[in-house]
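> I am attaching a structure below and will ask some questions about it afterwards.
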Amino acid sequence: MKKLSQHLLRDMLYITVAAAAAAFAVNLFHPRGYVMVGRSELEHRRIVPISAYEAKIKYDSGSAVFIDAREKAEFDESHIAGSINIPAGDPLPAPAGLPYLKQPKEIVIYCDGGSCGASAILAGKILGLTRTHIYIIERGLPDWKARGFPVQESD
Amino acid sequence: MGIREIIKNFFVDLKYGNRITSAVRILLGSMLLFAGVIKLLDPESFGGLIAGYDILPPLLIPYAAVWVPVFEAVIGLLLIIGYKVRASAMLAILLMALFIMFISVNLVRGRSFDCGCFSLSRLGLGIQEEISAWVVTRDLLFLAGFALVFSAERHLFSLENYREKMRLKNLEQSNYR
């Protein structure tokens, strides 16, 4: 009797494991299956590139905080009206200095055009502090200016 | 032979395994296979259904959605062809107990939604399977059926039976030679 129950348990285990193996094999090629994604990659999907035009819609609705990722000197020269400056190269201010992260606001980051990496770097830094999406203006400030959207220049 | 004898013999036969237990085995096996294959067509929406039960942590739902349909289909197939019958019947009993638990917990919570047992609505049959006491009763009946199959020692029309026959036949031949 004991041997029989051991056989039974062994067979049950085999069937369960074989089914699991078959299930994952099927899932791999299933058009509506689940896809395994690395955790960090899933996190980075929250960084969304948008055009200046889409950013303007967020700007007009007043639901977004605009962050300038460039250096302070560049920021002083000209920036999107109402935006704040957090240079990507500098260490991030303490969470107390970033009150907007707690507010239900969207975050839009920009720098000097498509080739500048500052937006992406800053987005990566902020990513861990917020649960929401982070938007990057794809072609940055030049695109924004070219469309004649509001800019604050230095006097 | 008195009526009591007949009834007693009936249960003895059932315990040993006769055509009734074999029919139950094949029917329930086909049912599991059908349910598994239907769910296998769309793991994503099955995952949504599992999430609706609100018992499993979200982290486990994709794994359950991937594994359960294939598991059902495999057990069903094994029961139909009659290979490792006892083990698969036992697994089916456990699976049914799990389903019953999931459904009853949500009945107690007072919720009502499609149980997703066979996804009949997806086939366009227009049959709703809201979770209810009836669904639990049905699953209990299935469980009893699997228990019957599990308790039987002989399974007609099965691979196990066929192999045993062949073994005995060869034994006979070798003895007389």
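A quick yes/no check of all residues on (1) under 16 Å from A:Gln152 (Cα atoms); (2) assigned by TED's automatic domain parsing to the domain that holds A:Leu127; (3) out of contact with any Ser or Thr (no Cβ under 7 Å at 6 or more places or on another chain); (4) at pLDDT 75 or above:
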{"position": "A:Phe75", "(1), (2), (3), (4)": "yes, yes, yes, yes"}
{"position": "A:Pro91", "(1), (2), (3), (4)": "no, yes, yes, yes"}
{"position": "A:Pro99", "(1), (2), (3), (4)": "no, yes, yes, no"}
{"position": "A:Lys102", "(1), (2), (3), (4)": "no, yes, yes, no"}
{"position": "A:Gly113", "(1), (2), (3), (4)": "no, yes, yes, yes"}
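> Just to verify a result, which residue in the range A:68-84, among those that are in a strand (DSSP E or B) and touching a residue at least 40 places away in the same chain (Cβ under 8 Å), is farthest from A:Lys105 (Cα to Cα)?
Restricting to residues being in a strand (DSSP E or B) and touching a residue at least 40 places away in the same chain (Cβ under 8 Å), the top hit is A:Ser78.
> If A:Gly33 satisfies all but one of (1) open to solvent by less than 100 Å² (accessible area, probe 1.4 Å); (2) at pLDDT below 95; (3) assigned to a helix (DSSP H, G or I); (4) not charged (D, E, K, R), what's the number of the condition it fails?
(3)
> Any residue in the range B:27-35 that is within 14 Å of chain A (Cβ to nearest Cβ), open to solvent by 10 Å² or more (accessible area, probe 1.4 Å) and assigned to a helix (DSSP H, G or I)?
Yes, there is a match, as at least one residue in the range B:27-35 is within 14 Å of chain A (Cβ to nearest Cβ), open to solvent by 10 Å² or more (accessible area, probe 1.4 Å) and assigned to a helix (DSSP H, G or I).
> Among (1) touching a Gly at 6+ places or on another chain (Cβ under 8 Å); (2) within 14 Å of another protein chain (Cβ to nearest Cβ); (3) at pLDDT 90 or above; (4) open to solvent by 60 Å² or more (accessible area, probe 1.4 Å), which single condition is B:Glu44 missing?
If we test B:Glu44 against (1) touching a Gly at 6+ places or on another chain (Cβ under 8 Å); (2) within 14 Å of another protein chain (Cβ to nearest Cβ); (3) at pLDDT 90 or above; (4) open to solvent by 60 Å² or more (accessible area, probe 1.4 Å), just (3) comes out false.
> Pick from A:Val26, A:Val65: which is facing chain B (nearest Cβ under 9 Å) and either assigned to a helix (DSSP H, G or I) or touching a helix residue (DSSP H, G or I) at 6+ places or on another chain (Cβ under 7 Å) (or both)?
Step by step, each of A:Val26, A:Val65 is checked, and only A:Val26 is facing chain B (nearest Cβ under 9 Å) and either assigned to a helix (DSSP H, G or I) or touching a helix residue (DSSP H, G or I) at 6+ places or on another chain (Cβ under 7 Å) (or both).
> Assuming A:Ser40 fulfils every condition listed in (1) under 30 Å from A:His133 (Cβ atoms); (2) among the hydroxyl-bearing types (Ser, Thr, Tyr); (3) modelled with pLDDT of 85 or more apart from one, which condition is it?
Here A:Ser40 clears every test but (3).
> Anything in the range B:57-114 that is over 20 Å from B:Leu143 (Cα atoms) and within 14 Å of another protein chain (Cβ to nearest Cβ)? List them, or say none.
If the condition is that a residue be over 20 Å from B:Leu143 (Cα atoms) and within 14 Å of another protein chain (Cβ to nearest Cβ), then B:Pro58, B:Leu59, B:Leu60, B:Ile61, B:Pro62, B:Tyr63, B:Ala64, B:Ala65, B:Val66, B:Trp67 are the ones that fit.
> Any chance the range A:88-100 includes a residue that's within 28 Å of A:Lys145 (Cβ to Cβ) and in contact with a Lys or Arg (Cβ under 7 Å, 6 or more places away or on another chain)?
Yes, the range A:88-100 contains at least one residue that is within 28 Å of A:Lys145 (Cβ to Cβ) and in contact with a Lys or Arg (Cβ under 7 Å, 6 or more places away or on another chain).
> Working carefully through the options B:Leu95, B:Leu168, find the one that is part of a helix (DSSP H, G or I), surrounded by fewer than 15 Cβ atoms within 10 Å (Cβ to Cβ) and at pLDDT 85 or above.
Unique residue meeting the criteria: B:Leu168.
This table checks each residue for (1) surrounded by fewer than 12 Cβ atoms within 10 Å (Cβ to Cβ); (2) over 17 Å from B:Gly47 (Cα atoms).
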{"residue": "B:Glu72", "(1), (2)": "no, no"}
{"residue": "B:Ile80", "(1), (2)": "no, yes"}
{"residue": "B:Ala87", "(1), (2)": "no, yes"}
{"residue": "B:Met90", "(1), (2)": "no, yes"}
{"residue": "B:Ser132", "(1), (2)": "no, yes"}
{"residue": "B:Arg154", "(1), (2)": "no, yes"}
{"residue": "B:Ser158", "(1), (2)": "no, yes"}
{"residue": "B:Arg163", "(1), (2)": "no, yes"}
{"residue": "B:Gln173", "(1), (2)": "yes, yes"}
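> Additional query: May I ask you to verify whether B:Leu78 is assigned to a loop (DSSP other than H, G, I, E, B), at pLDDT 90 or above, within 25 Å of A:Leu13 (Cα to Cα) and not basic (Lys, Arg)?
no
> Can you confirm whether B:Ser112 is surrounded by fewer than 12 Cβ atoms within 10 Å (Cβ to Cβ), without any contact (Cβ under 8 Å) to a residue 24 or more places away in the chain and assigned to a loop (DSSP other than H, G, I, E, B)?
yes
The values are calculated or read from the model by the stated rules, or taken from the named source; none is laboratory data. In this text, all values refer to a predicted model and were calculated from it rather than measured experimentally. With ideal geometry, Cβ positions are generated from the backbone for all residues, glycine too; neighbour counts draw on all protein chains shown. Protein only, heavy atoms only, side chains kept; ligands, DNA and RNA dropped before computing areas. Shrake-Rupley method; radii C 1.70, N 1.55, O 1.52, S 1.80 Å.
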